[in-house]
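Encoded as structure tokens, the structure appears first; notes follow it.
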Amino acid sequence: MRLTIIGSVALDSVETPFGKKEEVLGGSATFSSLSASFFAPVNLISVVGTDFPKKYVRMFKNHNIDTNGLELKKGKTFRWKARYHYDLSYAETLSTHLNVFEGFKPVIPDNVTPKDNLLLANIDPELQDFIFEQIKPKGLVACDTMNLWIERKRKELLKLLKKVDLLLLNDAEARQLSGESNLLDAAAYIASKGVRMIVIKKGEHGSLFFSQRGLRFIVPAYLLERIKDPTGAGDTFAGGMVGYLSKHSKITDQILRRALVYGSILASFAVERFSVEGLLRTSPEEVRKRYMHFEKLTKS
Ligand code: AMP
């Protein structure tokens with residue numbers, strides 16, 4: 001099954017205790033698309049400015065990512081600047097410049113169909129909703145978000161959640177959205193807003209899965225010796241998980257569990273290097289190897 005992904009394509013400037021990079025490729029849709037492309041063909045819907053290097057568009061195409069929906073608009077590409085301290089689970093946002101995303105109303109390309117799965121990667125929930133209404137998807141609808149939107153666009157986000165099958169967010173965001181400190185209570189609150197399945201990501205401590213019909217499980221993060229830049233870990237997790245689900249016409253409990261493990265594994269490659277380098281250097285064979293090693297590490 002094809003997967004449509006909408007979100008940001010960005011130029012990021014990031015500093016971590018292990019180095020610093022200026023204006024490198026980033027964005028929620030970038031990480032999600034590259035990660036999902038290990039499992040399914042992707043249609044990317046986003047916007048970049050005239051300053052966006054063409055080599056990145058070629059790179060997307062070389063990874064089975066259709067860029068018909070990647071609009072080139074006069075102006076500057078979305079920019080995000082952040083710093084991480086030794087607690088890599090928290091990004092201190094120094095600046096966010098929406099640039100070409102201001103007023104962006106994408107035209108959905110003809111090859112995007114309602115039967116494709118849809119991943120609304122992190123971006124303004126009003127834009128996520130606009131895309132949803134343009135496509136009127138019949139497949140799985142997954143959504144990611146962040147603290148900025150929970151704070152500034154809570155009403156719009158809650159409206160969107162009624163239409164979402166699977167919501168992915170981190171523990172701090174789950175607490176912020178629900179006003180609950182216990183994550184089980186937070187998941188119950190989110191489910192009461194209409195979401196069928198919820199993944200709460202806990203960074204290096206793994207992720208939790210909850211479904212409205214009572215299924216719960218926990219997946220650890222893959223143990224890594226070297227982490228250089230956690231940027232995009234959440235987006236990569238979402239892309240890997242939803243990409244893997246898109247490979248299957250029927251989603252069973254076992255496939256859901258595996259999808260979470262693949263999300264974790266793809267994220268482990270992303271954080272080993274700055275920007276998308278870790279994902280670009282990885283092969284499907286490496287992903288499979290890490291999956292097998294992960295099974296060994298978690299067997300009791
Ligand atoms: P993550 O580390 O998974 O939370 O995602 C980091 C990525 O999200 C970076 O590459 C940023 O370019 C992108 N990003 C940061 N803030 C926003 C925002 N407000 N909307 C959309 N994308 C964002």
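Details
- When only alpha carbons are used to place a centre, segment 156-201 and segment 245-300 end up 23 Å from one another.
- The value of relative contact order for the chain, using C-alpha pairs under 8 Å at least six residues apart, is 18 percent.
- Under-5 Å amide H pairs with Arg2, H placed in peptide plane, nonlocal only: Asn117
- Sites matching trypsin sites (Lys or Arg not before Pro) across segment 125-160 that sit in DSSP coil, with at most 16 neighbouring C-beta atoms within 10 Å: Lys138
- Gaussian network model of the chain, springs between alpha carbon atoms under 10 Å - residue of Ile108, Ile200, Ile190 with greatest fluctuation: Ile108
- The chain - share of DSSP beta bridges that are antiparallel (%, nearest 5): 40
- Report summary: the helix-based calculation at 222 nm, which adds -39500 (n - 2.57) for every DSSP H run with n ≥ 4 and divides by the residues of the chain, gives -11000 deg cm²/dmol.
- Among the listed pairs Lys162/Lys247; Lys138/Lys247; Lys153/Lys193; Lys20/Lys155; Lys153/Lys201; Lys74/Lys201, those beyond 27 Å (Cα-Cα): Lys20/Lys155; Lys74/Lys201
- Normalised by the number of residues in segment 118-225, the mean separation of alpha-carbon contacts (under 8 Å, six or more apart) gives a relative contact order of 19 percent.
- Of the trypsin sites (Lys or Arg not before Pro) found in segment 191-264, those that fall in a DSSP loop while having at most 13 other beta-carbon atoms within 10 Å are Arg213, Arg226, Lys250.
- Those GluC sites (Glu not before Pro) in segment 173-205 that DSSP places in a loop and that have at most 16 other beta carbons within 10 Å: Glu180
- Environment charge at Val48 (Cβ cut-off 12 Å; Lys +1, Arg +1, Asp -1, Glu -1): +3
- Gyration tensor (alpha-carbon) shape descriptor, segment 84-224, a/c threshold 1.5: oblate
- Gyration tensor (alpha-carbon) shape descriptor, segment 154-287, a/c threshold 1.5: prolate
- Listed residue (Phe78, Met59, Leu177) projecting farthest to the positive dipole end of the chain, Cβ model: Met59
- For the chain: rounded, prolate or oblate by the Cα gyration tensor [a/c cutoff 1.5]: rounded
- Computed packing ranks the peptides 181-188, 78-85, 161-168, 51-58 as 161-168, 78-85, 181-188, 51-58, most packed first, by mean other Cβ atoms within 10 Å.
- Placing +1 on the Cβ of every Lys and Arg and -1 on the Cβ of every Asp and Glu, with nothing else charged, gives the chain a dipole about its Cα centre of roughly 660 debye.
- Once you reduce segment 51-69 and segment 1-46 to the center of their Cα atoms, the two points are 11 Å from each other.
Where a number appears in this text, it was derived from the coordinates with a stated rule and is not lab data. Source: prediction; values computed, not measured. For neighbour counting, all protein chains shown are included, and Cβ atoms are generated from backbone atoms with ideal geometry for every residue, glycine included.
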